[in-house]
Amino acid sequence: MANVVPGEDAQLSFPLPPLHFYQHYTNENVKNDLAPKPPKVVVGEYSMYGHIFKTDDQIIQPLESQGIMRLYSKEEDFDHIVEMKKLNHSILVNYLELVDIMIYAPASPERQKKIEEIKVLFINLHHLINEFRPHQARETLRVLLHRQKQQTLETADRLRRNIEKARSLLAAAGNLLQQPVVKNELQSIEDSDPTLSAEEKLKDLYSLREKLMCDLLDDIS
């Protein structure tokens with residue numbers, strides 16, 4: 001990517017990354033507060049994909065504001081499922097009527113008229129579906145948070161069990177070291193051949209403790 005010559009980016013699958021992201025937003029610039037500040041929050045109108053939007057617009061724009069006829073109920077509280085079923089049946093009926101027109105009079109102006117009617121029906125149906133998007137987003141967030149909570153509780157529970165298991169192992173090891181047989185073995189190592197160096201005695205002690213821990217783990221498992 002670094003060796004791309006000018007004009008060659010038109011043949012790339014994806015455009016090159018903006019220069020300011022990796023030239024100005026370096027770790028050092030961010031640490032020294034030299035990176036460019038984020039843009040100001042847009043207030044009022046803004047343009048996106050050639051269309052003008054307002055920041056205080058509703059999330060789901062009414063069909064009337066878009067110049068599209070509203071075919072479902074205009075009441076504030078209506079059953080979305082019932083209205084969507086009605087639109088679905090209307091689409092099916094209009095499609096069958098369009099098939100008849102295509103068979104008997106394909107050049108008739110009624111063909112284009114029927115196509116436009118089906119188009120408006122689909123737009124209304126799609127608009128009703130979009131009205132559930134905010135609810136879908138809230139429900140998705142609720143499920144995500146619930147799943148994260150469950151994972152946190154399960155992790156904490158596993159950690160608590162492991163802590164209890166570690167405490168049990170330490171307690172059992174302490175009790176094992178207090179047994180007379182173990183004390184005698186430790187004392188025999190300390191009173192062993194006086195020609196042994198302190199390092200060799202310490203090595204024997206470590207070997208005995210490792211053996212005791214292995215025996216303890218074998219008994220637990």
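A short reminder: the numbers here are calculations on the coordinates, not readings from a lab. Worth saying up front: this structure is predicted, and the values here are computed from it rather than measured. Here the Cβ positions follow ideal geometry from the backbone for every residue, glycine too, while neighbour counts run over all protein chains shown.
Things worth noting here:
- If you go through the stretch 125-176 and pick out every residue that is without any contact (Cβ under 8 Å) to a residue 60 or more places away in the chain and either closer than 30 Å to Lys85 by Cα or not aliphatic (A, V, I, L, M) (or both), you end up with 34.
- Within the stretch 20-64, the set of residues being small (Gly, Ala, Ser) and surrounded by 11 or more Cβ atoms within 10 Å (Cβ to Cβ) comprises just one member, Ala35.
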